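Please read the structure below before turning to the comments.
The values are calculated or read from the model by the stated rules, or taken from the named source; none is laboratory data. Not measured: the values here are computed from a predicted model. Backbone-built Cβ (ideal geometry, glycine too); neighbour counts: all protein chains shown. Each accessible area value is taken on the protein alone, full model and side chains, heavy atoms only, with ligands, DNA and RNA left out. Shrake-Rupley method; radii C 1.70, N 1.55, O 1.52, S 1.80 Å.
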Amino acid sequence: MPDLLLELRSEEIPARMQRKAAGDLRKMLADGLVEAGLTYEAAREYWTPRRLTLDIRGLTARSKDIREEIKGPSTTAPEQAVQGFLRKAGLSSIAEAHVHSDPKKGDFYVAHIAKPGRAAEEIIAELVPGIIRNFPWPKSMRWGPASAKPGSLRWVRPLQSIVCTFGPETEEPVVVDFEIDGIRSGNVTYGHRFHAPGPITVRRFDDYVSKLEAAKVVLDADRRKEIILADARNTAFANGLDLVEDEGLLEEVSGLVEWPVVLMGEFEQDFLTIPGEVIRLTIRANQKCFVTRPQGKGEDLSNRFIPVANLEASDGGKEIAYGNGKVVRARLSDALYFWKTDQGDLPDLDQLGESAAKFDLDLKKPLDQRMARLDHLNVTFHAKLGTQGERVARIKRLAEELALVVGADSALVARASVLAKADLQTEVVGEFPELQGAMGRKYALLQGEHASVAAAAEEHYKPQGPSDRVPTDPVSVAVALADKLDTLTGFWAIDEKPTGSKDPFALRRAALGVVRILIENRIRLALASVFAKAFANFKGGADQSSDLLAFFHDRLKVYLRDQGARHDLIDAVITPASDDLLQIVRRVEALGSFLDSEDGRNLLAGTKRAANILAAEEKKKTVVAETVEPALFREDAEKKLFAAVNQAEKEAGQAIQNEDFSAAMLALSVLREPVDSFFEGVLVNDEDQAVRANRLALLARIRAATDQVANFSKIVG
């Protein structure tokens, strides 16, 4: 079967857009081919800074002929219905339709439609220009004289050539001919911009790849990543160093080069007095280079870095490495200035006294000065939620309340809360916002703060995603919870909740962070009471505790499902008033273990049967006695079930009070045999109305006993 090769070559595509663009191209073309009636065996996308490529194997050469019947109205139908049928079927007159008969419905019109198949080349030539014109680039541009015309082609960067060949391995492939804005498809591409800029004629994917390789272009982005990583590791090792690996940077650099050449540059040792995070970010952000560290010497960095060039220079890359070093030194000079400035006094120190008094700050300490300035300048957190200073005050009050719950020293929590946002006023964080928290920790340690206070300055932002670790130090936990709960209650109070896929303030992430901190640290916290205190901090804002709690339930479900918990068990345990997330988790765990046992499975079947019968009778408004009357029992099975329910209800209730949910499940397990015996030997809907009402009341007691632990009716199975 034929194969299709498509290459769209342009000026350099931004690295961050390449992978998605190649995937979009594959999906758009593959979906279009299938919709047009073609099938294929495999499709794979490739990309470099200057090209998007598709290799589609085993594509059918022609779409199938289609024959279909379109049923129309009765032959006696009004003219309006007949005309609608003709339009739908694409017929010019009713004479082109056939008449079919049905014994029940009589005669009616049918259109017999025959659509001959189309050649794959024709379909491809029609599809690709439309895909190019409607391609979903985040940003695109027009260029050249044609850009002045309405509807001119837009692409991420000027599109230069299109390769489109089609054919089986055993024959010479053909060029699928089409044109878009003066660019005609062909079988000619071009190699590396400097090493091999001349034209290259290609036939199909295999020789296309090999000819590009010979022209200094590595087509496969993952292979470029492997080359860069291996060469960078080897270069570092040869110089007595270890590479500091960075997957995000590796992905970006692989999108900047078609022919990766790893080099080594250096900067002065004096710059190593700057924190390693700052050095790494400076070199990464400005020069897209990797950093190194001495072998076996911990986290300290070396003064060597690794740039990746896009060509093999005649001098072995010395001039390229030197040029990178000049820029790196200039950027590190700035970083060193920021680092030293942050440890000195602020020029407006004499204006910060009032703010310092408000937060009990020591203006002899640099970080305290920055916090005082954050408050003094009235830096806005949100137009409806006040300033950063007001927010810090709220976080401090809430964190001090939480300190008792998480077992943290309240004085340390108060101090950590006040300093947590101070690094927002530092020069380093102003230059590198992603270092907020990390720099707070370093500056706190430099001015002699307690280790827990310093840790909280960094860890109160955590976790920032599902793979990020949660804080465990009690001081960090208290401040992290207060920070996230203040954010959530604040935005709920002003009715700025996430809607659909929109969550501009990352409130889902904040709630999931609270969930993970509580559960992974095994912390018991009554969220409802915390919400009430937090909402009270916002004057004029509505207390939306119930709605916020429901939002937390949704986040907890997401978390537990990711952990492998069954959705029906979560639903069975959660009630609208459940505000202790750790207790919910323990209930789900105990319920899951119980239902894995034979007693659990059998009891589930029995209790669901009882609940179903009861629900059906309640729907019919059948009388159900308010209490069970033993005098109305006629069968031994009724007596045994009644005794078992009394025992299970009492023991399960006591176990739940002791928060021993496994024991509560065990207490319920005694119901298994008497429930089975009851349904085997007792007819619930007895002719005697009083007996029936009494038996239904007994079923209601079963439901009430099990509902203490979970709503069994929501459990699947």
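Only residues in the stretch 421-438 that are in contact (Cβ under 8 Å) with a residue 12 or more places away in the chain and open to solvent by less than 40 Å² (accessible area, probe 1.4 Å) count as the first member; pair them with residues that are of a type in the set (Val, Ile, Thr) and outside any loop (DSSP other than H, G, I, E, B), Cβ under 8 angstrom, at least 6 apart or cross-chain, and list the lot.
Filtered contacts from the stretch 421-438: Lys421/Val392; Asp423/Val429; Val428/Val278; Phe432/Val278; Phe432/Thr282; Leu435/Val278; Leu435/Val428; Leu435/Val429.
Got a sec? Which strands (runs of 3 or more DSSP E) wholly within the stretch 152-264 have at least 3 residues that are of a type outside the set (Gly, Ala, Ser)?
The strands (runs of 3 or more DSSP E) meeting that bar are 159-167, 188-190, 199-201, 241-243.
Starting from the stretch 22-38, take each residue that is in contact (Cβ under 8 Å) with a residue 12 or more places away in the chain and open to solvent by less than 10 Å² (accessible area, probe 1.4 Å) and list its partners that are of a type outside the set (S, T, N, Q) and assigned to a loop (DSSP other than H, G, I, E, B), counting only C-beta distances under 8 angstrom and pairs at least six apart or across chains.
Hits for this filter: Leu25/Phe135; Ala30/Tyr40; Leu33/Tyr40; Leu33/Leu59; Leu38/Leu59.
Select from the stretch 629-643 the residues that are in a loop (DSSP other than H, G, I, E, B) and charged (D, E, K, R) and write down the one among them that is nearest to the chain's Cα centre (by Cα).
Filtering first and then ranking leaves Glu629.
Could you list, in sequence order, all residues of the stretch 314-344 that are of a type in the set (S, T, N, Q) and more than 26 Å from Gln369 (Cα to Cα)?
Ser314, Asn324
If you go through the stretch 701-714 one residue at a time, do you hit one that is of a type outside the set (Phe, Trp, Tyr), open to solvent by 30 Å² or more (accessible area, probe 1.4 Å), on the phi < 0 side of the Ramachandran plot and not in a helix (DSSP H, G or I)?
There is at least one residue in the stretch 701-714 that is of a type outside the set (Phe, Trp, Tyr), open to solvent by 30 Å² or more (accessible area, probe 1.4 Å), on the phi < 0 side of the Ramachandran plot and not in a helix (DSSP H, G or I).
Name, by its number, the condition in (1) at pLDDT below 95; (2) in contact with a helix residue (DSSP H, G or I) (Cβ under 8 Å, 6 or more places away or on another chain); (3) not in a helix (DSSP H, G or I) that does not hold for Leu404.
Tallying (1) at pLDDT below 95; (2) in contact with a helix residue (DSSP H, G or I) (Cβ under 8 Å, 6 or more places away or on another chain); (3) not in a helix (DSSP H, G or I), Leu404 fails exactly one: (3).
What do you reckon, is Asp483 assigned to a loop (DSSP other than H, G, I, E, B) and within 23 Å of the chain's Cα centre (by Cα)?
For Asp483, the condition - assigned to a loop (DSSP other than H, G, I, E, B) and within 23 Å of the chain's Cα centre (by Cα) - is not met.
So which residues in the stretch 648-672 are more than 19 Å from Phe712 (Cα to Cα) and not in a loop (DSSP other than H, G, I, E, B), if there are any at all?
Gln654, Gln657
Name every residue in the stretch 116-151 that is assigned to a helix (DSSP H, G or I), farther than 30 Å from Thr39 by Cα and either among the small types (Gly, Ala, Ser) or under 40 Å from the mean Cα position of the chain (by Cα) (or both), in order of residue number.
Of everything in the stretch 116-151, those that are assigned to a helix (DSSP H, G or I), farther than 30 Å from Thr39 by Cα and either among the small types (Gly, Ala, Ser) or under 40 Å from the mean Cα position of the chain (by Cα) (or both) turn out to be Ala146, Ser147, Ala148.
Going through the stretch 579-604 one residue at a time, which ones are more than 30 Å from Arg516 (Cβ to Cβ) and without any contact (Cβ under 8 Å) to a residue 24 or more places away in the chain?
Matches in the stretch 579-604: Glu598 only.
Quick check on the stretch 258-287: of everything there that is of a type in the set (D, E, K, R) and buried (at least 17 other Cβ atoms within 10 Å of the Cβ), which residue is nearest to Lys211 (Cα to Cα)?
By that ranking, first place goes to Glu258.
From the residues in the stretch 455-476 that are farther than 18 Å from Thr487 by Cα and either assigned to a helix (DSSP H, G or I) or free of Cβ contacts under 8 Å to residues at least 12 places away in the same chain (or both), which one is nearest to the chain's Cα centre (by Cα)?
Ser467
Okay, residues lined up against (1) of a type in the set (D, E, K, R); (2) assigned to a helix (DSSP H, G or I); (3) at positive phi:
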{"site": "Lys539", "(1), (2), (3)": "yes, no, no"}
{"site": "Leu549", "(1), (2), (3)": "no, yes, no"}
{"site": "Phe552", "(1), (2), (3)": "no, yes, no"}
{"site": "Ala572", "(1), (2), (3)": "no, yes, no"}
{"site": "Pro576", "(1), (2), (3)": "no, no, no"}
{"site": "Ile613", "(1), (2), (3)": "no, yes, no"}
{"site": "Val624", "(1), (2), (3)": "no, no, no"}
{"site": "Thr627", "(1), (2), (3)": "no, no, no"}
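Considering Ala534, Ala511, which residue is touching a residue at least 40 places away in the same chain (Cβ under 8 Å) and more than 21 Å from the chain's Cα centre (by Cα)?
Residue meeting the stated conditions: Ala534.
Glu651 versus (1) open to solvent by 30 Å² or more (accessible area, probe 1.4 Å); (2) touching a Pro at 6+ places or on another chain (Cβ under 9 Å): which is the lone unmet condition?
(2)
Given Ala383, Ala372, Ala357, which one is open to solvent by 20 Å² or more (accessible area, probe 1.4 Å), more than 35 Å from the chain's Cα centre (by Cα) and either closer than 30 Å to Phe535 by Cα or modelled with pLDDT under 95 (or both)?
Ala357
Every residue, every condition in (1) within 30 Å of Pro73 (Cα to Cα); (2) open to solvent by less than 60 Å² (accessible area, probe 1.4 Å), yes or no:
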{"residue": "Pro103", "(1), (2)": "yes, no"}
{"residue": "Phe108", "(1), (2)": "yes, yes"}
{"residue": "Trp155", "(1), (2)": "no, yes"}
{"residue": "Pro158", "(1), (2)": "no, yes"}
{"residue": "Cys164", "(1), (2)": "no, yes"}
{"residue": "Glu171", "(1), (2)": "no, no"}
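Quick check on the stretch 486-506: of everything there that is open to solvent by 70 Å² or more (accessible area, probe 1.4 Å) and in a loop (DSSP other than H, G, I, E, B), which residue is nearest to Arg391 (Cα to Cα)?
Checking each candidate, the answer is Phe505.
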